Every structure is written in C-alpha cells, then in structure tokens.
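What follows is a set of notes on a single structure, which appears directly below.
The values are calculated or read from the model by the stated rules, or taken from the named source; none is laboratory data. Treat the numbers as computed from the prediction; the structure is a model and nothing was measured. With ideal geometry, Cβ positions are generated from the backbone for all residues, glycine too; neighbour counts draw on all protein chains shown.
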C-alpha cells in the first residue's frame, strides 16, 4: 500500500485521482510538508506567482520587524529541483571544509614536530 500511495503522491495535483482523494471525506490527508512541485506543474504562471510570493514574504518580514517583537518569516515558495540543489550545496560545502582543513593542517606544524629548545 505504501508503494501505491507513493505513486499517487507523484501525480499532478490537478489529476482526477487527487480530485477523487480530496472529495472522499474518509481519506486521511497527511500533514506533511508539501513536496517541491514537479517541473510539469511549474508553469510560467506558477513561476511568476512564486516570485510574487517571495517578494511579499520579504516585505512582510521587514514591516513586521518594525512593529513586532518577533518578525514574521514565511518560507520561500518551493521550486522544482530544490532538493537536488540543497544536496549539491551540501556536497560543495563539505568539499570546501575538507580543503580548508587540509590547507590548515599543512600550515600548522604537527605536535612534537622535533623543534627543541
């Protein structure tokens, strides 16, 4: 059943299957973080609306910072390929950290390096 649900979750939101799922009051809908949209659902119109969402979120954060103790922070609109970009950034960060550690290790003499006196 999990494999079947996994396949259903990959269908476009405007599919007949999702329409039937949401029309059935007995079907539990998971309270998960929404997955990033598929490239087929990310039309130019959705891309424009995502840009507007992000601009409004930034404006709201700045305005709320003036009046509230805790500014309102909205998450940026999810975009296709987000998970892949995060994974690539993490790999680049890890490679840079390893290179930095290697460079620092080559500059710092090893303990007990033989200089006496």
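Restricting to region 53-106, give me the number of residues that are without any contact (Cβ under 8 Å) to a residue 40 or more places away in the chain and part of a loop (DSSP other than H, G, I, E, B).
Result for region 53-106: 10.
Evaluate the following for residue 95: is it surrounded by 10 or more Cβ atoms within 10 Å (Cβ to Cβ) and modelled with pLDDT of 85 or more?
So residue 95 passes the test.
What is the residue count in region 1-41 for residues that are modelled with pLDDT of 80 or more and either under 21 Å from residue 77 (Cα atoms) or outside any helix (DSSP H, G or I) (or both)?
Looking only at that region, the number is 5.
Only one of (1) more than 16 Å from the chain's Cα centre (by Cα); (2) surrounded by 10 or more Cβ atoms within 10 Å (Cβ to Cβ) is not met by residue 14, so which one is it?
Condition not satisfied by residue 14: (2).
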